[in-house]
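**Student:** My questions will all concern the structure given below.
The values are calculated or read from the model by the stated rules, or taken from the named source; none is laboratory data. As the structure is a computational prediction, the values presented were derived from the model and not from experiment. Neighbour counts are summed over all protein chains in view; Cβ atoms, including those assigned to glycine, are modelled from backbone coordinates with ideal geometry.
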């Protein structure tokens with residue numbers, strides 16, 4: 001097992017806190033349920049919040065370092081019972097560094113319909129061609145290593161998986177990708193639910209257009225741009241325009257333009 005440098009761990013802890021706060025700010029919390037994990041840089045396991053806290057309450061003091069088998073290696077508090085979701089996906093997918101599990105109301109409503117998620121919008125192209133996988137073994141808690149491994153198997157190499165009667169799970173190579181994918185899947189489900197409520201679906205992106213839009217709209221640079229915006233939003237947009245300069249002649253600009 002590699003030893004993690006202190007500054008590496010501090011960066012991972014910062015990212016884990018930000019991931020929780022972004023999910024909370026974007027309305028993905030279900031009281032104190034739902035969780036996000038970030039792989040430990042030293043290979044010891046993963047960091048996630050202690051149980052009993054909402055996403056928006058998380059700070060460095062209530063993060064836990066868990067082994068892949070759920071042993072608490074650092075931090076105080078109780079672990080989430082569904083830690084096997086994270087341990088087994090991270091164990092199976094070495095390229096993944098962030099796993100998100102939420103109880104998205106839109107994902108639950110959509111997955112109850114038993115229809116394919118179509119590329120009706122920019123978000124939808126991430127979850128079609130191929131069709132988004134679904135974990136059908138149980139709608140109850142994923143609290144054993146066996147169920148976690150089954151979920152990891154259902155997810156396969158995909159970026160996300162619907163969990164009917166439960167929620168969703170996403171896997172990203174970066175924290176930005178993992179969190180953004182969860183939020184975009186929630187939005188894609190909302191769009192299709194609204195469209196189906198209005199009438200019959202008649203148009204969506206085909207495989208070629210979906211592939212093009214994934215490259216044009218959701219490449220790593222733009223995915224990170226979205227993540228940076230969400231970070232600023234969750235922190236209350238700490239820059240308010242004071243001291244900004246006019247883009248053409250360098251004149252100081254007022255924080256308020258009236």
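**Student:** Does residue 26 fit the bill of being in contact with a helix residue (DSSP H, G or I) (Cβ under 8 Å, 6 or more places away or on another chain) and closer than 28 Å to residue 235 by Cα?
**Tutor:** Taking the combined requirement at face value, the residue satisfies it.
**Student:** Starting from the range 224-250, take each residue that is over 17 Å from residue 25 (Cα atoms) and list its partners that are surrounded by 13 or more Cβ atoms within 10 Å (Cβ to Cβ) and modelled with pLDDT of 95 or more, counting only C-beta distances under 6 angstrom and pairs at least six apart or across chains.
**Tutor:** These pairs meet every condition: 224/176.
**Student:** Name the residue, out of 75, 87, 29, 24, that is at positive phi and either under 17 Å from the mean Cα position of the chain (by Cα) or free of Cβ contacts under 8 Å to residues at least 40 places away in the same chain (or both).
**Tutor:** Result of the check over 75, 87, 29, 24: 75.
**Student:** Sort out for me the strands (runs of 3 or more DSSP E) sitting completely within the range 44-147 that have 3 or more residues that are buried (at least 16 other Cβ atoms within 10 Å of the Cβ) and modelled with pLDDT of 95 or more.
**Tutor:** Result: 46-49, 63-66, 98-102.
**Student:** Continuing with this model, one more query. Give the residue that is surrounded by the most Cβ atoms within 10 Å (Cβ to Cβ), with candidates limited to residues of the range 152-180 that are within 16 Å of the chain's Cα centre (by Cα) and assigned to a helix (DSSP H, G or I).
**Tutor:** 179
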